[in-house]
1. Evaluate the range 528-544: report whether one residue or more is aliphatic (A, V, I, L, M), at pLDDT 85 or above and in a helix (DSSP H, G or I).
2. So is VAL147 over 18 Å from PRO52 (Cβ atoms), touching a strand residue (DSSP E or B) at 6+ places or on another chain (Cβ under 9 Å), outside the structural domain of HIS391 (by TED's automatic domain parsing) and buried (at least 16 other Cβ atoms within 10 Å of the Cβ) or not?
3. Please identify the pairs in which a residue from the range 102-115 that is modelled with pLDDT under 95 and buried (at least 19 other Cβ atoms within 10 Å of the Cβ) has its Cβ atom under 7 Å from the Cβ atom of a residue that is charged (D, E, K, R) and in a helix (DSSP H, G or I), counting only partners at least 6 apart or on another chain.
4. Quickly run through the range 168-201 and pick out the residues that are assigned to a loop (DSSP other than H, G, I, E, B), without any contact (Cβ under 8 Å) to a residue 24 or more places away in the chain and either of a type in the set (Asp, Glu) or surrounded by 19 or more Cβ atoms within 10 Å (Cβ to Cβ) (or both).
5. Consider only pairs whose beta carbons are under 7 Å apart and that are at least six residues apart or on different chains; among these, list those whose first residue lies in the range 329-342 and is in the same structural domain as VAL302 (by TED's automatic domain parsing) and whose second residue is among the hydroxyl-bearing types (Ser, Thr, Tyr) and in a strand (DSSP E or B).
6. Quick one: is ARG155 surrounded by fewer than 19 Cβ atoms within 10 Å (Cβ to Cβ) and touching a residue at least 60 places away in the same chain (Cβ under 8 Å)?
7. So GLU132 clears everything in (1) at pLDDT below 90; (2) acidic (Asp, Glu); (3) surrounded by fewer than 17 Cβ atoms within 10 Å (Cβ to Cβ) except one condition, right? Which one?
8. When the range 552-604 is examined, which residues are found to be aromatic (Phe, Trp, Tyr) and either closer than 20 Å to ALA331 by Cβ or assigned by TED's automatic domain parsing to the domain that holds SER235 (or both)?
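The values are calculated or read from the model by the stated rules, or taken from the named source; none is laboratory data. Remember, predicted model here, so these are calculated numbers, not experimental data. Here Cβ is always computed from backbone atoms with ideal geometry, including for glycine, and neighbour counts include all displayed protein chains.
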Amino acid sequence: MTSTPQQILRDVFGYAAFRGEQQAIVEHVAAGGDALVLMPTGGGKSLCYQIPALLRPGAGIVVSPLIALMQDQVDALIQIGVRAAFLNSSISADAAREVQGRLLRGELDLLYVAPERLLMPGFLSLLEQIQETSGLALFAIDEAHCVSQWGHDFRPEYRALTVLHERFPAVPRIALTATADTPTRGEIVERLALEQARQFVSSFDRANIRYRVTQKSNARNQLQDFLETEHANDSGIVYCLSRKKVEETAAWLKERGWDALPYHAGLDTVTRSKNQSRFLREEGVVMVATVAFGMGIDKPNVRFVAHLDLPKSMEGYYQETGRAGRDGLPANAWLAYGLGDVVSMRQMIAGGDAPEERKRLERQKLDALLGYCESTACRHQTVLRYFCEEHPGNCGACDNCLEPVDTWDATEAARMALSCVYRTGQRFGAGHLADVLTGKLTERVEKFNHDTLSTFGIGKEISPAQWSGVYRQLVAGGLLEADIEAYGGLKLTPAARPVLRGEQEVWLRRDADPAKRKAQRAERKAQRNAKSREPFAGASEDRLWLALKAKRTELAREQGVPPYVIFHDSTLLEILNQRPASLDELGRISGVGQNKLTRYGDEFLRVIEDAANQ
């Protein structure tokens, strides 16, 4: 009897129904069609090639750049009874030969392979041999945006993957990504020869993520405040721009009692692997990392992603924050951002070795992110508009919707600020300029005779912190730029002229004053103490919840796999709420397929029964 997509979804993966366009994609690829799939992280991309691979004869070949995560992906498939393996540089020659033997004998449903391995002439010849015998079900090209030269994760070997279409024209291909603006989509189609492929574009909205941007004052203390208030026992990622800052921040958090680990490309392979394994397999670990960490992270219960430095682009920000809340439960994306971030990012672009065309594109991408940071509109709306998708706004899940921001007519303040830049010689930073405007007689102000300028003391009615906000927004708005040769000193751009002449109004967002922010943080902390902010509505203190998590951890340790490979938090939460009393009832829980029901059903039913009897 031939299986249907719905039967495999239910019996193998344990889900009652497809989401969004999953069913249409599965049916199209299973029928032999090519597809380009754009779907947000956590949207269920993997099922779009895993189910067709099980429906079609032969093995499905999954091309993935994520060597460090293939093991966990394969472990998760083996848990549900799918014959899966991987080939990459992390395994021995003997192990690779054993996997290739299984592939030749038709004993694999899915094989994950690194692009470098796939492109080896010997491996391509092996695939031709397999096509003639047991067959090739499909090629899945994961993280397809890596083909884009202008993207943030460019992998040159991805451009050679057109060989799949050339040598195996009858085998359907499905390219998948969670991050691609319109130009990148076009490049994927062109570079992978997918002109005839059907495109499936899902909504990019991650409705379960609460976006928040806060102005930097003391970033580390602000981070600790955020963690204490909202994520005391949660797993999460903290992104920093430099390796040095990663290590310093991880050490600082560890001193304060957080289970924090560093991750960056400068660490030796053993340390990186060990830290990543701990993050994936343990609860409550905070990974402090550069962007070297994270692409394709499968851990579904990452409850927060925090940025201590500004990302490079909206695509980078969207992808990095998208690592939170893959299980669909509430998660936070928190970004601390200040004038120094804007200056340093623009300096990095200007001082780089990239051709001018690339620099221009990077400046445009950075400007889009700055616009997001300074926006007073719904964050979800701003993110989606960048990806050419509309959103009605007022999401109820971002800082601007939950705590609407005031704007003010800053035309006169902007003219003062710009005039002060001009009169001090266009080579000083915002702190010094604020001292001049507020009439603060510092040693530096006296040294340069800036107390004799017409702008000295003309801005006393505005605090230094507020002047910092004005300068930050003027730089973000393109009226000022950082001068690399003047060590980040601010200078005017042509866009400043109409403001200085009184020909253009300037409206800015009103930053919350520090006292108000402190009061808001105290209120949120009190709310957390009164009621758990964990996304399980009080589950954190429930005896059954703790017992279910303990059983999952015990089983995971026995098998050397991450706990979420046994069951996701969302599955445990449903077990907690439904309290099934039989295998039939447990089998109706989302995420409990036949294989897991057979392997673990009796043990979890005993946990439920024991908790009820206590």
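1. Within the range 528-544 (the criterion being aliphatic (A, V, I, L, M), at pLDDT 85 or above and in a helix (DSSP H, G or I)), the answer is yes, since at least one residue qualifies.
2. Details: over 18 Å from PRO52 (Cβ atoms): yes; touching a strand residue (DSSP E or B) at 6+ places or on another chain (Cβ under 9 Å): yes; outside the structural domain of HIS391 (by TED's automatic domain parsing): yes; buried (at least 16 other Cβ atoms within 10 Å of the Cβ): yes.
Yes: the conditions hold for VAL147.
3. What qualifies is PRO115/GLU157.
4. Passing the criteria: only GLU195.
5. Close Cβ pairs satisfying both conditions: ALA333/TYR211; ALA336/THR214.
6. Values: surrounded by fewer than 19 Cβ atoms within 10 Å (Cβ to Cβ): yes; touching a residue at least 60 places away in the same chain (Cβ under 8 Å): yes.
Yes; evaluated as a whole, the condition is true for this residue.
7. (1)
8. Taking the range 552-604 and keeping what is aromatic (Phe, Trp, Tyr), we get 564, 567, 600, 604.
Scanning the range 552-604 gives TYR564, PHE567.
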